[in-house]
Amino acid sequence: MTDDVTIREATPQDAEQLIAHVHRVAAEPDIDLVLMPGEFKVTVEEERKFLADHAAADNSSVFVAEAAGRLVGVVVCTGGTRRALRHAATLGITVAKDWRGRGVGSRLVARAVEWARGTGVVTRIELTVFVRNEAARRVYEKLGFVVEGRRRNAVCRDGVYFDDFVMALTGKGPEPPLGAATHRSRSIRRTSG
Ligand SMILES: CC(C)(COP(=O)(O)OP(=O)(O)OC[C@H]1O[C@@H](n2cnc3c(N)ncnc32)[C@H](O)[C@@H]1OP(=O)(O)O)[C@@H](O)C(=O)NCCC(=O)NCCS
């Protein structure tokens, strides 16, 4: 369905297209995001640095979906900076409106999960999602994320309150769980010691 779409790691050269993409998505009325129209004021220089920093970090990454040279989706995973939170990456995703419902979002999140497994650092991916955002919840659940809790009135857009769910994929998720290698090596050490 999405053979014409390539998923690849973002580079600083994607900064302009990414900013334009976020502006378009944020401008959609009734979008289930915490970003209001016109609120994303990141400059090209700042976005380039954001992308370079994510590429350099061992617990952060950005992947884009591209179709015929056009950026049609992005997933951002940002790892914690404190030592006790370095294993946890927060995920955010958007797909261009005319590309939704064609499997792009599922491929982006699957790529992020695959990346996390390969880091040797990230053992938890977490996110928040509007309770009413069934398409997003479906994508996350398909890939093994589970609801950990509901935050009441967590978001207020133009005076309207929304509940959201905290969802995460972690070492206790379905096989192969994130961080499986770490858990295995620990139990081997225990049994042989
Ligand atoms: C959420 C989002 C990233 C999903 O990307 P996408 O490319 O549309 O996702 P996919 O096509 O891979 O999958 C969508 C899934 O939701 C399902 N779906 C769509 N609308 C649905 C609905 N109203 N109720 C239940 N399931 C729904 C689809 O059937 C599909 O599931 P399937 O693969 O089992 O058939 C995209 O819709 C988006 O960018 N939305 C706006 C921004 C946003 O909400 N971001 C997420 C914030 S947490």
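Note on CYS156 and LEU85: the extension gain reaches 22.8 nm, defined as 0.36 nm multiplied by sequence separation minus the Cα-Cα distance.
In the chain, how many lysine pairs have Cα atoms under 25 Å apart, counting only pairs 8 or more places apart or on different chains? Close lysine pairs under the 25 Å cut-off: 4.
In what order do VAL64, VAL25, VAL147 fall by count of nearby beta-carbon atoms within 10 Å, going from fewest to most?
The order, fewest Cβ neighbours first, is VAL147, VAL25, VAL64.
Put simply, the amide H of ARG124, placed in the peptide plane, has neighbours under 5 Å in ALA89, leaving out anything fewer than 5 places away on its chain.
Distance between the modelled labels on GLU16 and ARG100, one decimal in nanometres: 2.8 nm (7 Å Cα→Cβ projection).
Every number here is computed from the coordinates shown, using simple stated rules; none is lab data. Being a predicted model, the structure only gives us computed values, none of them experimental. In this analysis, Cβ positions are derived from the backbone assuming ideal geometry, glycine residues included, and neighbour counts consider all displayed protein chains.
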